[in-house]
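Visitor: Please find one structure pasted underneath; my questions will follow.
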Amino acid sequence: MIPFNSRLSTVIQTKQSHLCVGLDMNPEAMGSSQTSLDTLKSHTFKVMDATHDLAAAFKPNLAFFERWGSAGFQWLEETMDRFENDTIIIGDAKRGDIGNTAKQYAHSLFIHFGFDAVTLSPYMGADSIAPFTADPEKGVFILCRTSNSSAVDLQNQTIGDEYLFDKTAQLCVQWNKNDNVGLVLGATAPEEISRVRNQAPGLPFLIPGIGAQGGDLVRSMQDGNTNGDALINVSRGISFAGDLSEKAIRDAAQNYVSQMRQIQNT
């Protein structure tokens with residue numbers, strides 16, 4: 001049995017890639033709110049086919065599938081069936097409930113859909129995390145300091161001489177008993193990435209905010225991969241690149257991978 005964090009590190013090293021391709025498949029990004037589900041489905045599969053050998057991970061965002069009801073869940077199941085076994089699949093669900101509810105979410109995401117890892121909110125404490133970390137082979141990425149502008153409303157609240165996101169990082173270190181806990185840190189807050197890395201050595205980071213949100217790729221790569229691994233998530237900048245052709249999508253993904261490798265080598 002290989003713990004999730006160890007498997008993630010191996011995949012990153014084997015593929016020589018820190019890229020996580022976010023699958024945020026909204027019809028508006030295709031040019032019209034009237035874009036059909038079949039068109040979105042075909043585009044999703046095109047993105048996967050164009051990037052599977054370049055990406056260490058994919059991150060389907062469940063909201064974009066749930067929007068379509070039962071047909072969307074079928075689309076998600078079909079999507080999961082197409083992934084290669086050498087890639088980490090993260091369910092971007094941001095669940096955060098307790099007790100039997102959390103257990104049902106964990107069963108749904110890990111057993112039914114088959115995700116390797118999920119994103120979670122820590123607001124309800126350890127009870128909301130434990131059902132997802134019981135199996136060492138399944139991972140979690142816990143929201144710590146996110147990329148959205150209003151993250152400061154709660155996450156940067158002070159507790160003594162520390163911030164709330166500091167406390168979150170410290171708790172995640174405690175919760176990492178099965179080597180399967182990671183953190184979500186936004187590339188739009190590079191100082192916080194460095195600060196949290198010092199408090200959570202060894203924990204993998206999932207870093208969104210590159211591309212459309214204007215996050216700092218250099219700092220994300222440098223600080224995120226100091227004493228730990230970082231996945232750099234890019235969604236719109238790859239999935240809806242250029243003329244939406246497979247070539248444009250692949251070129252965008254290759255460009256990000258090349259940038260990341262160059263940053264690492266320097």
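Visitor: Out of all the residues in region 70-84, which are exposed (fewer than 13 other Cβ atoms within 10 Å of the Cβ) and under 22 Å from Ile232 (Cβ atoms)?
Guide: Glu84
Visitor: May I pose another question? When you go through Lys94, Lys59 one by one, which is the residue that is within 15 Å of the chain's Cα centre (by Cα) and on the phi > 0 side of the Ramachandran plot?
Guide: From the options Lys94, Lys59, the qualifying one is Lys94.
Visitor: Considering only residues that are touching a residue at least 60 places away in the same chain (Cβ under 8 Å) and assigned to a loop (DSSP other than H, G, I, E, B), look in region 1-31 and name the one that is farthest from Ile207 (Cα to Cα).
Guide: It comes out as Met1.
Visitor: Which ones in region 164-215 are surrounded by 22 or more Cβ atoms within 10 Å (Cβ to Cβ), touching a helix residue (DSSP H, G or I) at 6+ places or on another chain (Cβ under 7 Å) and part of a helix (DSSP H, G or I)?
Guide: Within region 164-215, Phe165, Asp166, Ala169, Glu192, Ile193, Val196, Arg197 meet the criteria.
Visitor: Scan region 63-95 residue by residue and report those that are touching a helix residue (DSSP H, G or I) at 6+ places or on another chain (Cβ under 7 Å), over 13 Å from Ala117 (Cβ atoms) and not in a loop (DSSP other than H, G, I, E, B).
Guide: Of everything in region 63-95, those that are touching a helix residue (DSSP H, G or I) at 6+ places or on another chain (Cβ under 7 Å), over 13 Å from Ala117 (Cβ atoms) and not in a loop (DSSP other than H, G, I, E, B) turn out to be Phe65, Glu66, Ala71, Gly72, Phe73, Trp75, Leu76, Thr79, Arg82.
Visitor: If you take the residues of region 36-62 that are assigned to a helix (DSSP H, G or I) and aliphatic (A, V, I, L, M), which of them is farthest from Met25 (Cα to Cα)? Break it down into steps so the answer makes sense when it comes.
Guide: Taking region 36-62 as the starting set, the residues that turn out to be assigned to a helix (DSSP H, G or I) are 37-51, 62.
Add one more test, that the residue is aliphatic (A, V, I, L, M), and what stays is 37, 40, 47-48, 50, 62.
On the way: Leu37: 10, Leu40: 7, Val47: 10, Met48: 12, Ala50: 15, Leu62: 10 Å.
Once the filter is applied, the top-ranked residue is Ala50.
Visitor: With the requirement that a residue be over 14 Å from Gly182 (Cα atoms), surrounded by 12 or more Cβ atoms within 10 Å (Cβ to Cβ) and among the β-branched types (Val, Ile, Thr), what does region 126-162 give you?
Guide: Val152
Visitor: Hey, can you tell me all the residues within region 66-80 that are farther than 19 Å from Ala106 by Cα and charged (D, E, K, R)?
Guide: If the condition is that a residue be farther than 19 Å from Ala106 by Cα and charged (D, E, K, R), then Arg67, Glu78 are the ones that fit.
Visitor: Separate question: Quick test for you: out of Asn255, Asn265, pick the one residue that is modelled with pLDDT under 95 and more than 23 Å from Ala117 (Cβ to Cβ).
Guide: Values: Asn255 fails: modelled with pLDDT under 95.
Of Asn255, Asn265, the one residue that is modelled with pLDDT under 95 and more than 23 Å from Ala117 (Cβ to Cβ) is Asn265.
Visitor: Please determine, by comparing only the residues of region 32-62 that are touching a helix residue (DSSP H, G or I) at 6+ places or on another chain (Cβ under 6 Å), touching a residue at least 60 places away in the same chain (Cβ under 8 Å) and not hydroxyl-bearing (Ser, Thr, Tyr), which one is surrounded by the fewest Cβ atoms within 10 Å (Cβ to Cβ).
Guide: Lys46
Visitor: OK, next. For Ser6, all conditions in the list (1) within 15 Å of Ala230 (Cβ to Cβ); (2) out of contact with any helix residue (DSSP H, G or I) (no Cβ under 9 Å at 6 or more places or on another chain) hold save one; what is the number of the exception?
Guide: Exception for Ser6: condition (1).
Visitor: Where residues in region 130-154 are part of a loop (DSSP other than H, G, I, E, B) and modelled with pLDDT under 95, which of them is farthest from Phe115 (Cα to Cα)? Before you say what the answer is, go through the steps one by one.
Guide: To start, the set of residues in region 130-154 that are part of a loop (DSSP other than H, G, I, E, B) comprises 134-138, 146-148.
Restricting the remaining residues to those that are modelled with pLDDT under 95 gives 146-148.
Numbers: Thr146: 22, Ser147: 23, Asn148: 25 Å.
Taking the candidates together, the pick is Asn148.
Visitor: Now for a different question. Go through (1) over 15 Å from Pro122 (Cβ atoms); (2) under 18 Å from the mean Cα position of the chain (by Cα) for Leu183 and report which single condition fails.
Guide: Just one mismatch for Leu183, condition (1).
Visitor: If a residue has to be farther than 16 Å from Ser17 by Cβ and buried (at least 20 other Cβ atoms within 10 Å of the Cβ) to count, how many in region 85-108 make the cut?
Guide: Matching residues across region 85-108 total 7.
Visitor: Is it true that some residue in region 116-129 is of a type in the set (S, T, N, Q) and outside any helix (DSSP H, G or I)?
Guide: Filtering region 116-129 for residues of a type in the set (S, T, N, Q) gives 119, 121, 128.
From what's left, outside any helix (DSSP H, G or I): 119, 121.
Yes, the conditions are met somewhere in region 116-129.
Visitor: Can you confirm whether region 237-248 contains a residue that is surrounded by fewer than 22 Cβ atoms within 10 Å (Cβ to Cβ), over 13 Å from Cys144 (Cβ atoms), without any contact (Cβ under 8 Å) to a residue 12 or more places away in the chain and in contact with a Gly (Cβ under 8 Å, 6 or more places away or on another chain)?
Guide: yes
Visitor: Which residues, taken from region 72-85, are over 16 Å from His43 (Cα atoms) and of a type in the set (A, V, I, L, M, F, W, C)? Step through it out loud before you land on a result.
Guide: Looking only at region 72-85, we keep the residues that are over 16 Å from His43 (Cα atoms), and these are 73, 84-85.
The answer is Phe73, and nothing else.
The values are calculated or read from the model by the stated rules, or taken from the named source; none is laboratory data. Every value quoted in this text rests on a predicted model; they were computed, and no experiment measured them. No Cβ is skipped: glycine too gets one built from the backbone with ideal geometry, and neighbour counts run over all protein chains shown.
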